[in-house]
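This report refers to the structure that appears directly beneath it.
Each value in this text was obtained by applying a stated rule to the coordinates, not by laboratory testing. What you see is a predicted model, and the numbers here were worked out from it, not measured in a lab. Cβ placement follows ideal geometry from the backbone for every residue including glycine, while neighbour counts extend to all protein chains displayed.
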Amino acid sequence: MVMQRRKVCHFCESKVAIDYKEEHLLDRFTNDRGKILPRRVSGTCARHQRQLSQAVKRGRFLALIPYIPDHQR
Amino acid sequence: MPRPYETVIIFDSTLEDAQVQEKLQRLTGLVAPDGGDAVNVDVWGKRKLAYPIDKKEQGIYAVLRYETEPSALIEFERVMRLDEQVLRQLTVVDPIVPAPPVARAPRPAEEEE
């Protein structure tokens, strides 16, 4: 049996506010196709997932992160 | 009642620094009648865009933080939309956390595009 570490919400843990201007942060929560990682993968809590998805979408609009990565365009 | 806002503007990267300053000055004047002193301006400078906008690969980013009447934003955003050297603009209610949560903490109000 594989031991699985209990996932905790990154934002609840670190208390950092989700900022759409921090592309490194948004990058961490999107996959290599630029999609927002689901909660079951990232472990984000519901509240922060909502804030995060909003932030990712703003980040995309401002061309901080891609809608679609270059290698797939 | 004035509310805190944050606006990110992406200018055409072919603009000179002075031109950017000039535009910013005009824009800040629209949200802060006293000549824009109350506006916190942070120019990030030239940055590569994650995808081309109007066939441009680079943009000059500027972040403005200020308090103003919601009604002032109408003209502010209109002027930016008319400016072809503004590639993108996004105004959101400033997410700065308000005073520590009271009994019923108000959720930070959300944006408009």
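Points to keep in mind about this one:
- Scanning the range B:13-69 for residues that are closer than 12 Å to A:Ala63 by Cβ, surrounded by fewer than 19 Cβ atoms within 10 Å (Cβ to Cβ) and either of a type in the set (Ser, Thr, Tyr) or in contact with a His (Cβ under 8 Å, 6 or more places away or on another chain) (or both) yields a single hit, B:Tyr51.
- Count of the range A:3-26 residues which are within 14 Å of chain B (Cβ to nearest Cβ), over 20 Å from B:Tyr61 (Cβ atoms) and part of a loop (DSSP other than H, G, I, E, B): 2
- Beta carbons closer than 7 Å, at least 6 apart along the sequence or on distinct chains, never pair a first residue in the range A:56-73 that is free of Cβ contacts under 8 Å to residues at least 24 places away in the same chain and facing chain B (nearest Cβ under 7 Å) with a second that is part of a helix (DSSP H, G or I) and of a type outside the set (A, V, I, L, M, F, W, C).
- Residue match in the range A:27-43 (condition: within 17 Å of B:Val8 (Cβ to Cβ), in a helix (DSSP H, G or I), more than 12 Å from chain B (Cβ to nearest Cβ) and not hydroxyl-bearing (Ser, Thr, Tyr)): no
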